[in-house]
Amino acid sequence: MADSHTARLCVEIIHSNFGPLTAKIASVLLVRGRLPLPQLTRFTALRPRTVRACILVLVQHNIIWHVLSDEGEMFEVNIDECLMRLRFGKFIYKSEELFGKPAAEVVQVILDHGKLKMPDIMALLGIYDGKGIIAYTQAIHKLVSGHYLKPSTTLSHISPCDKRIQYEAEEKRKISGFPTAKELRQAKEVAEARLKREEEEAEKIGLKRKAKDQSGRSAKRKASESEESVDDAVYFRVNYERFNVHLRNGLIVAAVKERFNHQAALVIRAAMKVTEQSQLSVSEVRSEPISVANIMTQLPEDEDLGKGLAHSSKKTSNATCIKDYLGMLSSADNPTAAGRESSFVSFGTSKVQVEFEVVGRRLRRRLVESVAREKHGVEGVRILRLLSDTGKMDEKQISKIVMMAPKDVRPLLAALASDSLISTQEVPKSADRNPTRTFYLWYVDHNKAHLAILGNVFKTLYNISMRRRAQREVPEVAAVLEKCERTDVSQDESLLTRMEKDILKEWKEKQLKLTGLEARVEESVFVLRDLRVLASNDN
């Protein structure tokens, strides 16, 4: 089950996309956990036919998992899938940027319908002419071969946690006698490997090989070459993880540009673009090793990289400039632990690797420090950085190092602890654990701080969504929007009065501002939640 802030946000997302009935079903599942259909019908107080219809809609859009158990068919909300709907606009924009407008329209129609076959996609897009069919077929092929679309199979509707538990139980049954800790660990590793292997095999069924006869120069000679085509019998859905990789790379480029300059951002973008095809998940620790020559091929020929550097000679080759930028990005002038933590790439003698884990850790730390600065000022950030770098310390040590009076440090530590940005560790002097004979050490629990900030971010996103709904339900605005849905008005806006046009314009401006705010806040969710796989070494 999800926490209260996450549950409220998911219910509001489902309400805005599918209506109040599906939102009521999602609310019951989020509060009570997985349920079978009879109990779900009883708790929602809806008709069984309505509940089944709503479940079909949510399953079609991959928001609900369903699995057969001893108690019957159980339903559970996929929270990750629900929260990912906040990024649909970014996914469509990125697909148009990568593959053009046909690919963006394909991604949009799949996001609108959950999962579709290729003939259904073409029918919904209304493409019937020859040139259009070829263009959209090529766009779908690029999306599938680039793993931006993945096949939807029966296994994708079952919770990975259920499959992991099932596979672990099967491996444990193979153990004879009382299992040791090593055997249990091996059973878990085998179950994880089996789950990963099934996911990889499921993604291979999207393309099929077809033989195509091709006429050569001689009419008698015909060569038959096999090429890949999209399987018409397979349902496809959007692979969010592939688009998240581009969002992560964009954050890294923006961080480099903020710290150095535009030319350094071009170099790091080119370095990531070389290995873009092999970057399939945001959980990757680092990119594949590449050479300086590979980076040069991805840079514009007319780009003068020397503008961002101060060289003694006027003319410097781009290869030399790239090496200088890589030295800056790898903190070559600071070969200490602190230097490695502030680097973006690892640059050896000839190979370059982008350090995703190091950059992700720094992005999370910067986000936590920004929250501390906003709520507790510069002094709060000073204490937070001290505890992050040195570990556990008592109040006297903190006061001495940050050069603040104890009477000022004590309330600041309490305020930071109330926001879960720092935590305490009790070290008793005696066995009776008397508070007067106990040391209290302060430290930063990164996971706890991230979860606390994430809860506040979810609360903010919920408030934004409620604000958007409230503005839409204003009587004057609702009347204008209802009039705009008429066929004659949608084709000719001159049928609207001047006052109605002003109301509509003001409403659109407010919606645009809320959408921009939502995108900025959701970026924090991406840093704290989607890059959480890289947070194993934060503590």
_Filtered residue count, the range 352-361, keeping only those that are within 24 Å of the chain's Cα centre (by Cα) and not in a helix (DSSP H, G or I)_ = 3
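Has the range 429-441 got at least one residue that is farther than 22 Å from residue 366 by Cβ, assigned to a helix (DSSP H, G or I) and within 37 Å of the chain's Cα centre (by Cα)?
no
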_Contact list please: Cβ distance under 9 Å, first residue in the range 514-536 and under 13 Å from residue 89 (Cβ atoms) and open to solvent by 30 Å² or more (accessible area, probe 1.4 Å), second residue at pLDDT 90 or above and among the small types (Gly, Ala, Ser), pairs at least six apart or on different chains._
515/89; 519/89
*In the range 426-441, the residues that are surrounded by 12 or more Cβ atoms within 10 Å (Cβ to Cβ) and within 29 Å of residue 455 (Cβ to Cβ)*: 440, 441
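Just give me the residues in the range 479-498 being surrounded by 13 or more Cβ atoms within 10 Å (Cβ to Cβ) and aliphatic (A, V, I, L, M), in sequence order.
Passing the criteria: 480, 481, 489, 495, 496.
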*Would you confirm whether any residue within the range 39-50 is among the aromatic types (Phe, Trp, Tyr), open to solvent by 20 Å² or more (accessible area, probe 1.4 Å) and over 30 Å from the mean Cα position of the chain (by Cα)?*
yes
*Any residue in the range 289-310 that is at pLDDT 85 or above, open to solvent by less than 60 Å² (accessible area, probe 1.4 Å), of a type in the set (A, V, I, L, M, F, W, C) and closer than 18 Å to residue 255 by Cα?*
no
*What are the residue pairs meeting all of these: first residue in the range 51-67, first residue touching a residue at least 12 places away in the same chain (Cβ under 8 Å), second residue open to solvent by 20 Å² or more (accessible area, probe 1.4 Å) and in a strand (DSSP E or B), Cβ atoms under 6 Å, and 6 or more apart or on different chains?*
65/76; 66/73
*Out of (1) touching a residue at least 24 places away in the same chain (Cβ under 8 Å); (2) farther than 20 Å from residue 60 by Cβ, what's the single condition that is false for residue 151?*
(2)
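Which residues, taken from the range 266-311, are touching an Asp or Glu at 6+ places or on another chain (Cβ under 8 Å) and of a type in the set (Ser, Thr, Tyr)?
275, 278, 281
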_Flag for residue 349 being surrounded by 15 or more Cβ atoms within 10 Å (Cβ to Cβ), assigned to a loop (DSSP other than H, G, I, E, B) and free of Cβ contacts under 8 Å to residues at least 12 places away in the same chain_ = no
*Of the conditions (1) assigned to a loop (DSSP other than H, G, I, E, B); (2) loosely packed, with under 15 Cβ neighbours inside 10 Å, residue 282 fails just one. Which one is it?*
(2)
*Subset of the range 252-280 (residues that are closer than 19 Å to residue 364 by Cα and without any contact (Cβ under 8 Å) to a residue 60 or more places away in the chain)*: 253, 254, 257, 258, 259
*Only one of these conditions is not met by residue 74: (1) of a type outside the set (Lys, Arg); (2) surrounded by 17 or more Cβ atoms within 10 Å (Cβ to Cβ); (3) more than 30 Å from residue 7 (Cβ to Cβ); (4) touching a Pro at 6+ places or on another chain (Cβ under 6 Å). Which number is it?*
(3)
*Quick one: in the range 12-29, of everything that is within 14 Å of residue 78 (Cα to Cα) and touching a Ser or Thr at 6+ places or on another chain (Cβ under 8 Å), which residue is surrounded by the fewest Cβ atoms within 10 Å (Cβ to Cβ)?*
13
*Would you check if residue 421 is within 39 Å of the chain's Cα centre (by Cα), of a type outside the set (D, E, K, R), over 23 Å from residue 362 (Cβ atoms) and surrounded by 17 or more Cβ atoms within 10 Å (Cβ to Cβ)?*
no
*Looking only at residues in the range 80-99 that are among the aliphatic types (A, V, I, L, M) and in contact with a helix residue (DSSP H, G or I) (Cβ under 6 Å, 6 or more places away or on another chain), which one is surrounded by the most Cβ atoms within 10 Å (Cβ to Cβ)?*
84
*What single numbered condition from (1) open to solvent by 10 Å² or more (accessible area, probe 1.4 Å); (2) within 29 Å of the chain's Cα centre (by Cα); (3) at pLDDT 85 or above fails to hold for residue 364?*
(1)
_Every pair of residues 6+ apart whose Cβ atoms lie under 6 Å, when the first sits in the range 221-244 and is part of a helix (DSSP H, G or I) while the second is modelled with pLDDT of 70 or more_ = 240/84; 241/281; 242/147; 242/148; 243/91; 243/94; 244/282; 244/530
*Do we have any residue at all in the range 121-131 that's under 28 Å from residue 518 (Cβ atoms), open to solvent by 20 Å² or more (accessible area, probe 1.4 Å) and touching a strand residue (DSSP E or B) at 6+ places or on another chain (Cβ under 9 Å)?*
yes
*Scan the range 70-78 and give yes if some residue there is in the same structural domain as residue 35 (by the TED database), without any contact (Cβ under 8 Å) to a residue 24 or more places away in the chain and more than 18 Å from the chain's Cα centre (by Cα), otherwise no.*
yes
*residue 465 vs. criteria over 29 Å from residue 385 (Cβ atoms) and outside any helix (DSSP H, G or I)*: no
*asked:* Name the residue that is surrounded by the fewest Cβ atoms within 10 Å (Cβ to Cβ), counting only residues in the range 371-409 that are part of a helix (DSSP H, G or I), small (Gly, Ala, Ser) and free of Cβ contacts under 8 Å to residues at least 12 places away in the same chain.
replied: 377
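The values are calculated or read from the model by the stated rules, or taken from the named source; none is laboratory data. Bear in mind that the values here come from a model prediction, so they are computed numbers and not experimental data. Cβ coordinates were reconstructed from backbone atoms using ideal geometry, including for glycine residues, and neighbour counts include every protein chain displayed. The accessibility values were calculated without ligands, DNA or RNA, using every heavy atom of the protein model including side chains. Shrake-Rupley method; radii C 1.70, N 1.55, O 1.52, S 1.80 Å.
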